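The values are calculated or read from the model by the stated rules, or taken from the named source; none is laboratory data. Please read these numbers as outputs of a predicted model, since none were measured by experiment. Glycine gets a Cβ as well: all are built from the backbone with ideal geometry, and neighbour counts include every protein chain shown. The protein model used for the area step is the full one, side chains on, heavy atoms only, and it has no ligands, DNA or RNA in it. Shrake-Rupley method; radii C 1.70, N 1.55, O 1.52, S 1.80 Å.
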Amino acid sequence: MGRLGYAKLGSWGRFWTTLTLVGLATRAAHRADLGGEAAGTSINHSQMQLQRLQELLRHGNGSDVVLRVQAAGTDEVRVYHAHRLLLELQSERFRELLSNQSDVVLQEARDGAAVFDKFIRYLYCGELTVLLAQAIPLHRLATKYRVASLQRGVADYMRAHLAGGAGPAVGWYHYAVSTGDEALRDSCLQFLAWNLSAVTGSPEWGSVSPELLAQLLPRSDLVLQDELELFQALEAWLGRTRPPVAVAERALRAIRYPMIPPAQLFQLQARSAALARHGPAVADLLLQAYQFHAASPLHFAKFFDVNGSAFLPRNYLAPAWGAPWVINNPARDDRSISFQTQLGPSGHDSGRRVTWNVLFSPRWLPVSLRPVYSDVAGTALPAARPEDGRPRLVVTPASSGAEAAGVSFQKTVLVGARQHGRLLVRHAYSFHQSSEEAGDFLAQADLHRRNSEYLVENALHLHLIVKPVYHTLIRTPK
């Protein structure tokens, strides 16, 4: 580069050009040195460089850009003396904004203006510390200024804290929908489905939108004490939000009334304010529920199409559908328990029980990891270590008697984690009707580590659920 061209760059441009040339020369010399050596030695001063960048941002030395960040609805303006090169390197949006100006006014929401210092620090240093309340404003800034790496990082943070039960799932769901973040939206929905009891008992339930409610109510993987709990939570939501009549009636029709015993249905009809207001909209469903409980399942199926979600149990925690199981020191040895469930959801089967035997093994070894021996001396493979195996859970009926004829059983195992004094569902594993074992059960778990995310005070908290499905519900391919 000629002297004239070099002078036109200005002091900041000359600094970066010199730094680039020095870097190229250093790398060339480094390659030359390595040519005569078997191995090189790495010199890492990245932390020192990070500190210098922090000082550059803090003091504004050599800045060539001024950012004036104004919080919406206020006269508050924060001024940042920044450097065009670093902003444009990280953000396409800043590249556009600074193409023909160096003094920019940025209008931000109040929560965004409050964390803008963290945002710009990330542009300089590539790191920041996120708090729960700062996740949405930081993600919004990353989206607005098209900083893809920060956008992904904050979204990953939000999904991780959802899994631990710390994140505000309802608020994050609505935000994910507004920004089109499908992965975050699905993570919020999954958390809400697995922990609906905890959410319906919290202030968040009142902020659920009709759209979110419409996403949740049809799901069969909702974890609840029973269907009555869902009806009562819906009635509380209706009383608090007062939605349009069409929204209320559509929500009430999503309740699975055949899963509610007749005695409780009678009480609902007599006492429920929601049914008093919208009873005609669900009268056909209530009548169908009474008929379902009064007749045998086979007789009922002759007159009604039972291939619908109304006749499928959700993941109910009530004793009729399963049992909790706390396994202390789960890495120690094999355990087993037995429990009973109702044969079917129909009142015709309410007095009939199925006994289940459950085996838990912390170190089951699949065939691929078992020792293999050869006839040739000295060629035996090393014995597999116990910790090489993975946990195994097998659920089998105690007998295969005729009392279960006409019914198949879907099995679900919930794994709980304690967060902020609450026991929340962190993982769920489902079995196919014909299977006795969940093939991926705790496949990634490390039960030997006391601080494992799967353990609560060195105990594995499980809840075993058996969902009876009448054979007429299973469609056969034509």
Close pairs from region 250-270: first in contact (Cβ under 8 Å) with a residue 12 or more places away in the chain, partner surrounded by 14 or more Cβ atoms within 10 Å (Cβ to Cβ) and among the acidic types (Asp, Glu), Cβ under 7 Å, at least 6 apart: Ile255/Glu227; Arg256/Glu227; Met259/Glu227; Ile260/Glu227
Only listed residue being part of a helix (DSSP H, G or I) and either of a type in the set (D, E, K, R) or within 30 Å of His174 (Cα to Cα) (or both), chosen from Arg95, Arg68: Arg95
Qualifying residues in region 178-193 (those that are over 9 Å from the mean Cα position of the chain (by Cα) and open to solvent by less than 40 Å² (accessible area, probe 1.4 Å)) - the one farthest from Glu204 (Cα to Cα): Asp181
Matching residues, region 27-61, being at pLDDT 65 or above, among the hydrophobic types (A, V, I, L, M, F, W, C), assigned to a helix (DSSP H, G or I) and exposed (fewer than 10 other Cβ atoms within 10 Å of the Cβ): Met48
Subset of region 222-267 (residues that are part of a loop (DSSP other than H, G, I, E, B), under 28 Å from the mean Cα position of the chain (by Cα) and among the hydrophobic types (A, V, I, L, M, F, W, C)): Leu222, Ala254, Ile255
Residue list for region 295-339, filter: under 28 Å from Ser452 (Cα atoms) and of a type in the set (S, T, N, Q): Asn315, Asn328, Asn329, Ser336, Ser338
In region 98-116, residue farthest from Ile136 (Cα to Cα) [restricted to those that are part of a helix (DSSP H, G or I), small (Gly, Ala, Ser) and out of contact with any strand residue (DSSP E or B) (no Cβ under 6 Å at 6 or more places or on another chain)]: Ala114
Checklist (1) surrounded by 13 or more Cβ atoms within 10 Å (Cβ to Cβ); (2) within 16 Å of Cys125 (Cβ to Cβ); (3) modelled with pLDDT of 75 or more applied to Val66, failing item: (2)
Some residue of region 227-237 being open to solvent by 20 Å² or more (accessible area, probe 1.4 Å) and farther than 24 Å from Ser350 by Cβ: yes
